[in-house]
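Take a look at the structure below.
The values are calculated or read from the model by the stated rules, or taken from the named source; none is laboratory data. Here the structure is a predicted model, which is why all the values come from computation and not from measurement. Cβ atoms come from the backbone with ideal geometry, glycine included; neighbour counts cover every protein chain shown.
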Amino acid sequence: MTPTGHPPWHVVLVGRTDLDSALRHDPGVQLARVRTPIDAVGEFAEMVDPENPCPSAVVVGPGMLAAGEAADFAHAMRTIDPEVRLIGMGPQDGAAEAYDATLPARADAASLRRLLMLDSDSTAAGQAREYPAMHPPHSDAPPRALPPPASDSTAAAVNAMLTGGDPVAAAVADLIARTGGQAAFVAGEIAPANAPSAARVTHNTRTLGWLCTSGIEARTVEAEAARLGGWVVLAAQHDQLRRAAFTDELTGAFNRRYFNRFLAAAMDQARQRRHTVTLLVFDIDNFKMYNDKYSHAAGDEILRQAVALLTSVIRPSDRVCRVGGDEFAVIFHDPEGPRNPDAPQKPQSIAQIAARFQKQICEHRFPKLMSEAPGTLTISGGMATFPWDGTTPEELLDRADNLALQSKRQGKNAIMFGPGAQQVCGIGP
């Protein structure tokens, strides 16, 4: 909340403007600056929080969009948030209809503040602030309807991006659906030799790949290829952001944020399909001693190698997550379920995987431990299985944590199994 008690505006500045230095310290604004309109789509998608909506605005600098591009851009923005305020700066060359309002090229921050009703005297204390529909200033005409986008592929790409999909694949699929032809995107600087027709896909003069088509009008192909370059770049940027948001920087394992989301999703899927999800929680015994004796650099190296060892023995559908300092969680999740639901999960038994990892940790020669390696490093953990050991992510994690604590109390270097985990793994108590 701002000092006035109202949520701040999310403001994205596109291109060169004179507004960023003044707005950066404005308590009523959460500011982001991007170089191109396509970057703004990605940035804006990351900023929007459907659970905590805040008013949002995108300010496009002079000369950033031509008339046809502005319509596509506005359509993409409003696909993400129908209430977003779009503001253009400077001469628009026929693109003004895409915006809710325009400002002079040299407009100052005060002009934007007035447009967004951010000035303190524009809101009476204790009263709810309203955000009226805007239209180009110096005009008494009602707001003009936004022209339809030049291509529905824009909406398809944005929707794919918002749901974690590939915007490039979505745009190509939409092109196929609209034209009835064939199309594929092929990455690389050299055109495919056997493609009937290939249009170059570029971004900032750099060749990213080729839109290969058959049975589609050449003019349509060229227009789609021109748009596709931005989506290729945006898809790569989002992939990098996604990895950064969900990956532990030190070890390369997934982080706590990813753990919370994936475990909840895996359990929902398992509940619908009547499958199981098993959770292993463990930490490294006496890890603080190794940190104190051999340095934190040695401790970091132990954590990295432990994750590498664990990753080498799990199944492709399982997930290794670092949830604390030396605390890890492994989500054993098979989307397809066991071939025989009444039989233990063998030969790739979860119990076998855990035992193999325990053995590798104990036998591995950690260079940083010098004379005390191998044979000194052990783990203690607990294993719980949905639905018998817990029916919610919180219950399952709590059960696995308690079992891990029992392992510590009983002498360490052990993994305790809950009743459900024993049943799934086909082992006795």
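Before moving on, here are some points about what is shown:
- Matching residues, the range 261-285, being surrounded by fewer than 16 Cβ atoms within 10 Å (Cβ to Cβ) and under 20 Å from residue 402 (Cα atoms): 264
- Scanning the range 387-417 for residues that are closer than 21 Å to residue 262 by Cα and in a loop (DSSP other than H, G, I, E, B) returns 387, 388, 389, 390, 391, 392.
- Under the condition of being crowded, with 22+ Cβ neighbours inside 10 Å and touching a Gly at 6+ places or on another chain (Cβ under 7 Å), the residues counted in the range 14-35 number 2.
- Number of positions in the range 181-239 that are without any contact (Cβ under 8 Å) to a residue 24 or more places away in the chain, assigned to a loop (DSSP other than H, G, I, E, B) and more than 29 Å from the chain's Cα centre (by Cα): 7
- The residue of the range 348-378 that is modelled with the lowest pLDDT, among those that are of a type in the set (Val, Ile, Thr) and in contact with a strand residue (DSSP E or B) (Cβ under 9 Å, 6 or more places away or on another chain), is 361.
- Residues in the range 33-90 that are modelled with pLDDT under 75 and under 19 Å from the mean Cα position of the chain (by Cα): 12 in all.
- Selection status of residue 224, over 30 Å from residue 261 (Cα atoms), crowded, with 20+ Cβ neighbours inside 10 Å and of a type in the set (Asp, Glu): yes
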